[in-house]
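A.B. asks: Could you have a look at this structure, given as structure tokens, before my questions?
The values are calculated or read from the model by the stated rules, or taken from the named source; none is laboratory data. Everything numeric in this text was worked out from a predicted model, so none of it was measured. Cβ: placed from backbone, ideal geometry, glycine included. Neighbour counts: every protein chain shown.
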Ligand SMILES: [Zn+2]
């Protein structure tokens with residue numbers, strides 16, 4: 001087994017990793033950091049499980065990208081920008097939104113489904129202080145890669161509405177990116193949200 005050892009940038013304790021993960025978590029001081037571009041502390045939160053959650057529990061990582069969207073021009077046949085309009089509260093051509101980028105290693109179908117569901121309908125949950133004894137899926141996507149994928153998620157979601165999107169010229173500015181671990185349970189049909 002290949003065990004990776006790094007030191008916590010906060011308390012200097014050794015962190016041992018048995019699996020490949022982009023993020024290193026110190027369970028002594030509850031600090032998470034990455035080493036993609038030097039040592040960087042990662043702002044993160046952990047969602048609490050629903051009391052009704054049944055089955056094996058696991059935390060799934062998401063990069064929650066807080067972005068400003070500004071439409072420059074559009075050519076839309078048969079209506080408005082259906083999905084974007086519903087995210088951008090107030091119905092204007094600009095606004096802020098949370099884009100959820102799945103960060104674990106998923107097949108493309110699951111990636112799209114989860115990104116779409118959570119971005120359309122932001123999850124609501126209580127937070128907990130730490131992971132406890134619940135395992136977490138490793139993070140395969142860096143923070144920078146997640147910010148780059150935010151554009152892709154927005155465009156593919158809007159394009160799912162057939163016939164509405166002809167041309168879209170916009171800017172998407174990433175303001176902030178946070179790591180969010182959401183509770184899931186293993187079921188016969190795969191991992192299911194357990195919020
Ligand atoms: Zn530490």
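A.B. asks: Identify, please: which residue in region 135-156 is surrounded by 20 or more Cβ atoms within 10 Å (Cβ to Cβ) and out of contact with any strand residue (DSSP E or B) (no Cβ under 6 Å at 6 or more places or on another chain) and is, among those, modelled with the highest pLDDT?
C.D. replies: Ranking the candidates gives 141 first.
A.B. asks: Here's a follow-up. Identify, please: which residue in region 7-50 is over 15 Å from residue 181 (Cβ atoms), part of a strand (DSSP E or B) and away from the ligand (no atom under 11 Å from the Cβ) and is, among those, modelled with the lowest pLDDT?
C.D. replies: So, considering only residues that are over 15 Å from residue 181 (Cβ atoms), part of a strand (DSSP E or B) and away from the ligand (no atom under 11 Å from the Cβ), the one modelled with the lowest pLDDT is 17.
A.B. asks: Name the residue, out of 74, 83, that is modelled with pLDDT under 90, surrounded by 13 or more Cβ atoms within 10 Å (Cβ to Cβ), touching a helix residue (DSSP H, G or I) at 6+ places or on another chain (Cβ under 6 Å) and under 17 Å from residue 172 (Cβ atoms).
C.D. replies: 83
A.B. asks: Sort through 67, 53 and tell me the only one that's surrounded by 13 or more Cβ atoms within 10 Å (Cβ to Cβ), part of a loop (DSSP other than H, G, I, E, B) and more than 11 Å from the ligand (Cβ to nearest atom).
C.D. replies: Working: 67 fails: part of a loop (DSSP other than H, G, I, E, B).
Unique residue meeting the criteria: 53.
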